[in-house]
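All of the numbers you see were taken from the coordinates with simple rules; none came from a lab. Everything numeric here is computed off the predicted structure, so don't read it as measured data. Using ideal geometry, Cβ is built from the backbone for each residue, glycine included, and neighbour counts are taken over all protein chains shown.
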């Protein structure tokens, strides 16, 4: 653009920006400056000539869009013209478009830039007029200073991200309403409307509510990879939000070293710093090997390995009766629950070993003792059968973090003791009762479902015992010694409920 055209443009623009002045169209370049090359078919080959031609085209389109009141489009065209061929005319028209869009602070900045870069091309009167216009535009803005917590919150105003430096120094905003959005990983987003008056200086604290816990993991080895909950994330260091109030498995690993693994529990809104070191070398290490772009998958986690303990409550019933007593009456049979303990160690995700202890008691009241014909009840008897079982179990489990199916197979020794209370027979004679005790082997099978929540472990299943009873003999009612159970075995079936602690926990 010709020198005289630029100066004329400055005068016209400043007049348009001055208060109480009639609106003026953006400046137009002189016909000579905007004329296309003499040959419409021949494009200029000189790079500078190409930029000049492109600038003129953007400038002409910007003028047309401005006259059509398409200020955003005109702004884009004048900015493109200035990028191709910097000059005061394009920059002045940028300021005019910004003013039309009520972006007073940016309009003032554009005029300041014009004075800084192109002031020598303007007359003294034009420079003075622009300084006055800048002051008047700056009177239509206010300053917003934010105090965000957390400090790394990303602040957006009217959809545009504000730099951390501007957040600290104060954000210059045009008068009116502005939409402020603050967000940070692990925090709830906050949006609000902020009203800015002219020349106002507003301070606004921004407090975001935490929705996560925060973990900082570092290691001294820059080639060590970091994975959390089986997901590879970074090398050397990682920081970020994680689900609070649950356990997370942190792994630090590198080929040729024993990996590091630790379970961490994060509190809501709190930050935990963890420094992890690799273990001893396990093989040759190539220090010259390049670092891959992304960490490889971590080694199998040991999160499902560890101790556990359970209290058990079971209700089992006999499939046989001692001494051929009949307990078919409505008041003749009562099953008391059995209590027990399970303590074990989970060797891997699907396999565990445990030691089982069960103490049970079965009482029967009003059981009928029949005569030799098997039809007539000659006495009502009360007996108690107590059992104590001790033995190891092998547990097999399906995979699953919270829910899994489990089977236990066990064997051991069981101590039985039968007490038969004395009573008066139907014919008036006294039956003295008796007792018997023995130690026999047993076999146990459990089928059920296990549920983990954090470190709480719950199980519900079906339990079956097959207990030896060949050693259970005794002399009852002054008769000769006899076997308590005619077939020599004592089968039992029922339900079992378990609850306790597992050291591995869950992440949900």
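So what does log10 I(q)/I(0) come out to for the stretch 363-508 at q = 0.17 Å⁻¹, using the Debye formula with one equal point on every Cα and no solvent? Values returned for q = 0.17 Å⁻¹ are -0.97.
Remark on the stretch 87-126: hydrodynamic radius 10.1 angstrom, per the Kirkwood mean of 1/r across alpha carbon pairs. DSSP finds beta bridges in the chain, and of those with both partners inside it, around 95 percent are antiparallel. As a check on your grasp of the helix formula, calculate [θ] at 222 nm for the chain: sum -39500 (n - 2.57) over DSSP H runs of n ≥ 4, divide by the residue count, round to the nearest 500. Rounded to the nearest 500, it is -6500 deg cm²/dmol. Separation of the stretch 364-441 from the stretch 460-505 is 6 Å, based on Cα centroids. Here the ratio of the Cα radius of gyration of the stretch 439-508 to 2.2 N^0.38 Å is 1.75. Once divided by 2.2 N^0.38 Å, the Cα radius of gyration of the stretch 213-275 becomes 1.06.
Neighbour counts of C-beta atoms inside 10 Å place 399, 189 in the sequence 399, 189, starting with the fewest. If every alpha-carbon in the chain counts as one equal scatterer, what log10 I(q)/I(0) does Debye give at q = 0.10, 0.13 1/Å? Here the Debye-derived log intensity ratios amount to -0.94, -1.14. For the chain, the relative contact order comes to 8 percent (Cα pairs under 8 Å, sequence separation of at least 6).
For the stretch 222-363, the convex hull spanned by the alpha carbon atoms encloses 185 Å³ per residue. Each residue in 268, 115, 98 was given a count of other beta-carbon atoms within 10 angstrom of its own, and listing them fewest first yields 268, 115, 98. Going from the fewest other Cβ atoms within 10 Å to the most, the residues 106, 77 appear in the order 106, 77. Its relative contact order, with pairs defined as Cα atoms under 8 Å and 6+ residues apart, puts the stretch 306-502 at 22 percent.
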